[in-house]
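Take a look at the structure set out below.
The values are calculated or read from the model by the stated rules, or taken from the named source; none is laboratory data. In this text the structure is predicted, and so the values were computed from the model without any measurement. Here the Cβ is made from the backbone with ideal geometry for all residues, glycine too, and neighbour counts use every protein chain on show.
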Amino acid sequence: MTPSVRRVAVIGGNRIPFARSNGPYAHASNSDMLAAALDGLIERYNLQGEKIGEMAAGAVLKHPRDRDLTREVVLGSKLAPETPAFDVQQACGTGLEAVILIANKIALGQIDSGIAGGVDTTSDAPLALNDDLREILLDANRTPDTAGRLKLLTRLRPGMVVPAIPANEEPRTGLSMGEHCAIMASEWGITREAQDALTIRSHDHLAAAYDRGWQDDLMTSYLGLERDQNLRPGSTLEKLGKLKPVFGGPEGTMTAANSTPLSDGASTVLLASEEWAKARNLPILAYITESQTAAVDFVHKREGLLMAPAYAMPTMLDRAGLTLQDFDVYEIHEAFAAQVLCTLAAWEDPVFCKERLGRDKPLGSIDTEKMNINGGSLAAGHPFAATGGRIVAGLAKELSDRGSGRGVISICAAAGQGVVAILESAGGAK
Amino acid sequence: MATRELQGPPGIIPLYAKAALPMIPGASALPFVPGSGKDVPDLELVLPEVTFDPAALAAYNRVCGFTLRDDVPSTYIHVLAFPLHMALMAEPNFPFGAVGLVHVNNTITQHRPVSVSETLSIKVTASKLRPHAKGKQFDMVAQAKAGRTIVWEGVSTYLRLGKGDPSAKKPKGEELADPPVSATWKLQGGLGRKYAAASGDRNPIHLYDLTAKPLGFNKAIIHGMWTKARCLAALESVLPEAYKVDVQFRKPIPLPSKVTFGEEITKDGIRFAVKNARKGTPHLDGTVVQVPAKKR
């Protein structure tokens with residue numbers, strides 16, 4: 001039997017303001033923050049006691065004690081405890097991938113409603129037992145006799161009290177994400193000025209969105225924080241130009257301003273079939289119509305670590321029968337200003353599009369005035385898995401405000417992966 | 001009634017020291033030592049501006065099992081009011097020392113959820129002494145306001161063991177079956193010290209076996225208010241927005257312990273109980289009933 005495919009509606013979202021690492025959420029765990037974001041979503045859409053089809057969420061930095069993180073958060077919430085849930089992890093693609101997984105189940109008619117989410121803390125980081133110590137303890141557990149166990153003690157070293165700290169580092173290259181992006185920026189000739197200009201724009205647009213109350217039905221305050229803590233509007237090229245590079249050596253172009261800071265936060269999105277929304281009188285903001293993931297070989301073929309969205313996009317566009325210019329709004333996740341600019345340059349480049357994407361013509365340029373119009377990750381901060389939900393809810397609201405139109409999302413992720421998706425306004429694509 | 005406004009929460013440790021002095025025979029005759037009064041003082045203590053420290057709240061939530069939400073657990077406001085309980089009991093004309101009092105009952109009414117960003121004013125008074133079957137009892141009555149709205153009320157009943165009044169024995173109500181067990185909790189030996197650090201209630205009976213012994217306990221016992229908080233944490237997803245939660249503390253829980261938590265949810269409210277996992281010794285009985293919610 002071929003299942004029929006239904007339209008998947010975005011009803012809305014809720015997130016907590018994003019905080020800088022070791023800021024106001026220093027003592028909040030992933031489950032605390034995800035619960036806070038979910039509480040606000042339940043409140044906003046009257047989901048108390050509601051049995052939701054399924055909830056999917058995840059965290060990039062996840063503590064081993066958080067087995068079934070999402071399900072535990074559901075059990076502590078006002079949702080019906082019969083709501084199933086599962087955890088997702090795809091680096092910074094986690095949030096959008098969770099949305100896609102839930103959307104696909106709704107499209108296939110397996111569930112009628114679902115919640116997607118993501119959360120990350122870099123403050124309450126999951127330190128693990130030192131790996132050498134862990135091995136000794138496991139060996140001790142396997143050793144039957146006391147003498148054998150005592151012998152194992154001779155392997156103990158003082159340095160083993162140092163825990164294993166999660167590193168923002170690619171296991172196969174030993175380079176951090178920023179260092180990888182600095183290589184990309186240099187290969188694509190992305191200037192410091194272009195990165196700083198994009199950064200200023202991100203902050204100013206997010207500040208404007210707050211000032212006109214646009215964020216009010218997208219978030220609930222948490223632990224005294226009402227706006228994203230990283231937001232610093234009104235900067236200038238001159239001011240940002242004074243910052244020292246943090247990636248790519250002394251000649252590097254990437255700074256603490258044009259790279260996202262380590263952040264803490266959580267987001268959730270409510271998705272449903274049209275019938276489910278109608279039965280509850282919940283207005284539909286937008287529909288999720290397409291999505292795609294891709295991955296690149298950044299290890300042996302030396303593709304840029306964060307270039308995968310450039311590959312995912314044409315595959316998705318071809319399937320949707322659209323061109324890159326057919327969108328009214330573009331949401332390109334600003335992991336680093338340089339990542340956004342490299343991606344745009346790649347789509348414009350005939351050689352890249354021919355040799356890497358196998359296309360006769362480049363995808364072409366976009367009107368950057370339509371990009372990240374309500375601010376991006378550079379301003380809001382980027383709690384890894386929470387970014388996808390922030391972008392989906394914000395884009396759906398923007399498309400709803402416009403009455404019609406189409407938007408596209410592009411998110412890069414660690415390990416050479418990328419996730420893209422298309423949303424259409426509930427009022428139609430055009 | 002006299003009202004005394006405090007600038008900040010009084011330090012608990014000196015208060016405990018003062019509260020323990022009446023244990024020394026004759027000390028109550030001294031002017032600064034509690035124990036001289038015939039009844040509890042007619043005094044109201046007020047903390048006019050109480051704010052929440054998210055780090056302290058997070059530590060409290062972790063030890064009690066609460067999720068760190070933007071709304072604070074109703075038992076946490078008791079923690080903020082507790083220094084006032086202690087200060088009142090350390091008054092020179094307080095009829096006896098606080099150390100050695102038994103917390104027998106605690107009722108909290110949450111009229112609406114309180115956000116961590118709110119500023120509250122908290123006042124505490126004491127009710128008159130009244131007879132109890134095993135001594136004398138009185139209530140510490142606390143009230144928290146946000147602006148002019150009463151958002152939270154707490155009543156802690158303390159028993160001073162002594163010459164009782166058998167006629168004060170409560171008539172036995174209808175015996176209800178134990179609520180079915182839904183969870184088993186393992187309480188570690190250091191739990192009293194952890195809760196003491198998170199709540200500020202450093203009564204020596206909760207800290208070490210050695211410090212509990214002189215006060216008549218073979219082992220350190222966990223704070224009754226921890227047990228109450230742990231129960232509310234277990235019920236967090238089913239608590240109404242506004243509710244009254246009433247618990248009776250039965251036999252103290254020695255540490256370490258393994259206890260069971262039982263709950264029964266009906267349309268009238270929630271009944272819950274904590275018992276020793278092996279022997280079934282009753283430790284706590286409680287109920288939650290919904291009350292009309294006030295607007296934020």
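Screening A:SER263, A:SER291, A:SER267 for residues that are in contact with a His (Cβ under 6 Å, 6 or more places away or on another chain) and touching a residue at least 12 places away in the same chain (Cβ under 8 Å) leaves exactly one candidate, A:SER263.
Out of the residues in segment A:194-235 that are more than 14 Å from chain B (Cβ to nearest Cβ), among the polar types (S, T, N, Q) and surrounded by 20 or more Cβ atoms within 10 Å (Cβ to Cβ), state the one that is farthest from A:ALA257 (Cα to Cα). Checked segment A:194-235; the qualifying residue farthest from A:ALA257 (Cα to Cα) is A:GLN215.
In the condition set (1) in contact (Cβ under 8 Å) with a residue 40 or more places away in the chain; (2) under 24 Å from the mean Cα position of the chain (by Cα), A:TRP347 is compliant with all but (1). I'm told A:SER235 meets every condition in (1) out of contact with any helix residue (DSSP H, G or I) (no Cβ under 8 Å at 6 or more places or on another chain); (2) farther than 25 Å from A:ALA98 by Cβ; (3) touching a residue at least 24 places away in the same chain (Cβ under 8 Å); (4) in a loop (DSSP other than H, G, I, E, B) except one. Can you identify the failing condition by its number? For A:SER235, the exception is condition (1). The condition of being surrounded by fewer than 15 Cβ atoms within 10 Å (Cβ to Cβ) and under 24 Å from the mean Cα position of the chain (by Cα) holds for only one of A:GLU72, A:GLU43, that being A:GLU43. Restricting to segment B:121-139, name every residue that is assigned to a loop (DSSP other than H, G, I, E, B) and of a type in the set (A, V, I, L, M). Once the filter is applied, which keeps residues that are assigned to a loop (DSSP other than H, G, I, E, B) and of a type in the set (A, V, I, L, M), segment B:121-139 yields B:LEU129, B:ALA133. Could you check segment B:140-152 and list, in sequence order, the residues that are in a strand (DSSP E or B), surrounded by fewer than 20 Cβ atoms within 10 Å (Cβ to Cβ) and free of Cβ contacts under 8 Å to residues at least 24 places away in the same chain? The answer is B:VAL141, and nothing else.
I'd like to check something: does segment A:5-18 contain any residue that is assigned to a loop (DSSP other than H, G, I, E, B), at pLDDT 95 or above and surrounded by fewer than 20 Cβ atoms within 10 Å (Cβ to Cβ)? Checked against the condition, which is being assigned to a loop (DSSP other than H, G, I, E, B), at pLDDT 95 or above and surrounded by fewer than 20 Cβ atoms within 10 Å (Cβ to Cβ), segment A:5-18 yields at least one hit. Taking segment B:75-119 as the range and being within 12 Å of B:SER156 (Cα to Cα) and assigned to a loop (DSSP other than H, G, I, E, B) as the test, only B:LEU101 passes. Restricting segment B:245-277 to residues that are under 19 Å from the mean Cα position of the chain (by Cα) and outside any strand (DSSP E or B), which is surrounded by the most Cβ atoms within 10 Å (Cβ to Cβ)? That would be B:ILE253. Taking segment B:118-132 as the range and being surrounded by 18 or more Cβ atoms within 10 Å (Cβ to Cβ) and of a type in the set (Gly, Ala, Ser) as the test, only B:ALA126 passes. Just one residue in the set A:GLY58, A:GLY40 is under 26 Å from B:ALA233 (Cα atoms), within 11 Å of another protein chain (Cβ to nearest Cβ) and among the small types (Gly, Ala, Ser); that residue is A:GLY40. Among the residues of segment A:245-260, how many are touching a Leu at 6+ places or on another chain (Cβ under 9 Å) and surrounded by 19 or more Cβ atoms within 10 Å (Cβ to Cβ)? Within segment A:245-260, residues that are touching a Leu at 6+ places or on another chain (Cβ under 9 Å) and surrounded by 19 or more Cβ atoms within 10 Å (Cβ to Cβ) number 5. Filtering segment A:355-373 to residues that are of a type in the set (D, E, K, R) and part of a loop (DSSP other than H, G, I, E, B) leaves A:ARG356, A:ARG359, A:ASP360, A:LYS361, A:ASP367.
Yes/no matrix, rows are residues, columns are (1) assigned to a loop (DSSP other than H, G, I, E, B); (2) more than 14 Å from chain A (Cβ to nearest Cβ); (3) free of Cβ contacts under 8 Å to residues at least 40 places away in the same chain:
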residue: B:LYS219; (1), (2), (3): yes, yes, yes
residue: B:ALA233; (1), (2), (3): no, no, no
residue: B:ASP285; (1), (2), (3): no, yes, yes
residue: B:VAL288; (1), (2), (3): no, yes, no
